[in-house]
Amino acid sequence: MAIYLDNGATSYPKPESVCSAVTDYMRNNGASPGRGNYERARDADTLVYRTRKLLCKLLGAKRPGQIIFTSNATESLNLALKGYLKPEDSVLTTSYEHNAMWRPLKKMEDERNIKIRQIPCAPDGRADIASLHEYLRGVTLVAVSHGSNVTGCVTPLDEITAAAHKQNIPVLTDAAQTAGVYPIDVTGVPIDMLAFTGHKGLMGPTGTGGLYIREGMELGTLKEGGTGGMSSSPYPPSEPPDRYEAGTMNICGLAGLHAALTFIIDAGVDDIREHEINLTKLLLEGLDTIPRLKYYGPSSAEDRLGLVSFNIEGHDPNKVALTLDSDYGIMVRSGLHCAPQAHRLLGTEHIGAVRVSLGYFNQKEDVDLLIDAVRHIAA
Ligand SMILES: Cc1ncc(COP(=O)(O)O)c(C=O)c1O
């Protein structure tokens, strides 16, 4: 029996309704949204609109036009950063960002001379926001991950946005690890831009994602091309979402995302979160009983996401992950998890770690089997 514990990379399995929505769209519709005036193309338009509306419901956004579809969180972050930042601007970020945030920032440091500042973090990966106001001086944009894919820490967005907005600084957050599994309300905690990916906690197909943009936020475009309307103009439309969505959409993927969002809203994000907290508690308690094992990040399940990275003294994490797969049929991810910054913070940049990431379909038995397997390997 195979056990999938790599939901931080992408969630698996997907709800059955997601798989059928994708194939149903391919078989029975097949038209491109915004590209025809026949019934099926109009149905495709409606599907895209409804998917935006479900995202508004899930994220607390007011208008469907504020949701821009992209192919993943990486593209969303590139759009937000490259569309917003001007030469010489200053960005405040954390020291546990994924390369999806870090690499575009480094590129703009080289090409646009932007200045990067980092909020100091405690050794367990928690952002130290006590001195935040000092770091905000002269900053143009705060760009922070909502939840780390290595430490599992959740960034206190409420405190960060309150401090940033006091100085009229907009906040971009990377919700790749939190959307769908952690409550988000972009109006209640006023976020200016929120990047999400459709295939992790949102349980949709790969190749889907998006960027929420607060009304009034204007960005330069990342790509230009056909948008299905206003075709006689040499320039992209001025209004979102069309302005940022040049090219034929991943409509089959969005059909799946629509079904996934319906599934999540029915299940309830609070209940999904509670399920993950319960499993994470078991996981942490089990890992705690294994000699010479060290896990990273907060020790309370309530303070973290349902993913835990760990190392066993004297064991190469890559070998541990390989053995879990080959001898126990358990799939986890080892290495640097595309987040060398976070590993530097933990002091694991040279070896990486083993990461276990739970999902909605995991059960207590999966955690029990993992703990037994890790105990054997460690012994
Ligand atoms: C924190 C974080 N940000 C961004 C990403 C990038 O997501 P995607 O590969 O879907 O663009 C990931 C994916 O691992 C992530 O964990």
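The values are calculated or read from the model by the stated rules, or taken from the named source; none is laboratory data. Predicted, not measured: the structure shown is a model, and the values here were computed from it. Please note: Cβ atoms are built from the backbone with ideal geometry, for glycine as well, and neighbour counts cover all protein chains shown.
Can you name the number of the only condition in (1) in a loop (DSSP other than H, G, I, E, B); (2) at pLDDT below 95 that residue 341 fails?
Only one criterion is unmet by residue 341, namely (1).
I'd like the full set of residues that are within 14 Å of the ligand (Cβ to nearest atom) and of a type in the set (Lys, Arg), limited to the stretch 327-379.
Scanning the stretch 327-379 gives 333, 355.
Are any residues in the stretch 346-379 without any contact (Cβ under 8 Å) to a residue 60 or more places away in the chain, within 25 Å of residue 272 (Cβ to Cβ) and more than 24 Å from the chain's Cα centre (by Cα), and if so, which ones?
365
What number of residues within the stretch 163-190 are within 22 Å of residue 115 (Cα to Cα) and either assigned to a loop (DSSP other than H, G, I, E, B) or over 12 Å from the mean Cα position of the chain (by Cα) (or both)? Quick ask: steps written out before the conclusion?
Looking only at the stretch 163-190, we keep the residues that are within 22 Å of residue 115 (Cα to Cα), and these are 163-174.
Among the residues that remain, those that are also either assigned to a loop (DSSP other than H, G, I, E, B) or over 12 Å from the mean Cα position of the chain (by Cα) (or both) are: 163-172.
Count: 10.
When you scan the stretch 119-127, do you find a residue that is within 16 Å of the ligand (Cβ to nearest atom), at pLDDT 95 or above and either crowded, with 24+ Cβ neighbours inside 10 Å or under 30 Å from residue 334 (Cβ atoms) (or both), even just one?
No; the residues of the stretch 119-127 include none that is within 16 Å of the ligand (Cβ to nearest atom), at pLDDT 95 or above and either crowded, with 24+ Cβ neighbours inside 10 Å or under 30 Å from residue 334 (Cβ atoms) (or both).
Just to verify a result, which residue in the stretch 8-27, among those that are in contact with a Lys or Arg (Cβ under 7 Å, 6 or more places away or on another chain) and either without any contact (Cβ under 8 Å) to a residue 60 or more places away in the chain or not aliphatic (A, V, I, L, M) (or both), is farthest from the ligand (Cβ to nearest atom)?
Residues of the stretch 8-27 in contact with a Lys or Arg (Cβ under 7 Å, 6 or more places away or on another chain): 8-11.
Next cut, either without any contact (Cβ under 8 Å) to a residue 60 or more places away in the chain or not aliphatic (A, V, I, L, M) (or both) only: 8, 10-11.
On the way: 8: 6, 10: 8, 11: 11 Å.
Here the answer is 11.
With the condition kept exactly as written, say whether any residue in the stretch 136-148 is touching a strand residue (DSSP E or B) at 6+ places or on another chain (Cβ under 6 Å), in a loop (DSSP other than H, G, I, E, B) and under 18 Å from residue 196 (Cβ atoms).
Checking the stretch 136-148: at least one residue is touching a strand residue (DSSP E or B) at 6+ places or on another chain (Cβ under 6 Å), in a loop (DSSP other than H, G, I, E, B) and under 18 Å from residue 196 (Cβ atoms).
Could you list, in sequence order, the residues of the stretch 353-369 that are over 26 Å from residue 204 (Cα atoms) and crowded, with 22+ Cβ neighbours inside 10 Å? Please lay out each step first, then the result.
Taking the stretch 353-369 as the starting set, the residues that turn out to be over 26 Å from residue 204 (Cα atoms) are 353, 368-369.
Once the filter is applied, which keeps residues that are over 26 Å from residue 204 (Cα atoms) and crowded, with 22+ Cβ neighbours inside 10 Å, the stretch 353-369 yields only 353.
Checking the condition over 27 Å from residue 185 (Cβ atoms) and modelled with pLDDT of 95 or more, which residue from 221, 262, 227 passes? Walk me through it before giving the result.
Values: 262 fails: over 27 Å from residue 185 (Cβ atoms); 227 fails: modelled with pLDDT of 95 or more.
None of the other options fit; the residue is 221.
Which residue pairs have Cβ atoms under 7 Å apart, sit 6 or more places apart or on different chains, and have a first residue in the stretch 197-218 that is farther than 18 Å from residue 236 by Cβ and a second that is away from the ligand (no atom under 11 Å from the Cβ) and of a type in the set (Asp, Glu)?
What qualifies is 214/192.
Here is a yes/no grid of residues against (1) within 11 Å of the ligand (Cβ to nearest atom); (2) among the acidic types (Asp, Glu); (3) farther than 20 Å from residue 34 by Cβ; (4) in contact with a Phe, Trp or Tyr (Cβ under 8 Å, 6 or more places away or on another chain):
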site: 155; (1), (2), (3), (4): yes, no, yes, no
site: 167; (1), (2), (3), (4): no, no, yes, no
site: 179; (1), (2), (3), (4): yes, no, yes, yes
site: 211; (1), (2), (3), (4): no, no, no, yes
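Looking only at residues in the stretch 265-300 that are of a type in the set (D, E, K, R) and under 23 Å from residue 316 (Cα atoms), which one is surrounded by the most Cβ atoms within 10 Å (Cβ to Cβ)? Outline the logic, then answer.
As a first pass, look at the stretch 265-300 and keep what is of a type in the set (D, E, K, R): 266, 270-271, 273-274, 276, 281, 285, 288, 292, 294.
Then keep just the ones that are under 23 Å from residue 316 (Cα atoms); that gives 285, 288, 292, 294.
Details: 285: 12, 288: 11, 292: 11, 294: 14.
Filtering first and then ranking leaves 294.
Looking at the stretch 21-42, is at least one residue modelled with pLDDT of 95 or more and closer than 19 Å to residue 177 by Cβ?
no
So how many residues does the stretch 99-116 have that are outside any helix (DSSP H, G or I) and either within 16 Å of the ligand (Cβ to nearest atom) or closer than 20 Å to residue 194 by Cα (or both)?
Going through the stretch 99-116, the residues outside any helix (DSSP H, G or I) turn out to be 113-116.
Filter again for either within 16 Å of the ligand (Cβ to nearest atom) or closer than 20 Å to residue 194 by Cα (or both), leaving 116.
Adding up the residues that qualify gives 1.
Which ones in the stretch 227-264 are of a type in the set (Gly, Ala, Ser) and either surrounded by fewer than 13 Cβ atoms within 10 Å (Cβ to Cβ) or touching a Phe, Trp or Tyr at 6+ places or on another chain (Cβ under 6 Å) (or both)?
229, 231, 232, 233, 238, 247, 255
Looking at 173, 161, which one is within 16 Å of the ligand (Cβ to nearest atom) and free of Cβ contacts under 8 Å to residues at least 60 places away in the same chain?
Working: 161 fails: within 16 Å of the ligand (Cβ to nearest atom).
Answer to the check: 173.
Every residue, every condition in (1) of a type in the set (D, E, K, R); (2) in the same structural domain as residue 209 (by TED's automatic domain parsing); (3) within 18 Å of the chain's Cα centre (by Cα), yes or no:
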position	(1), (2), (3)
251	no, yes, no
281	yes, no, no
309	no, no, yes
325	yes, no, no
340	no, no, yes
344	yes, no, no
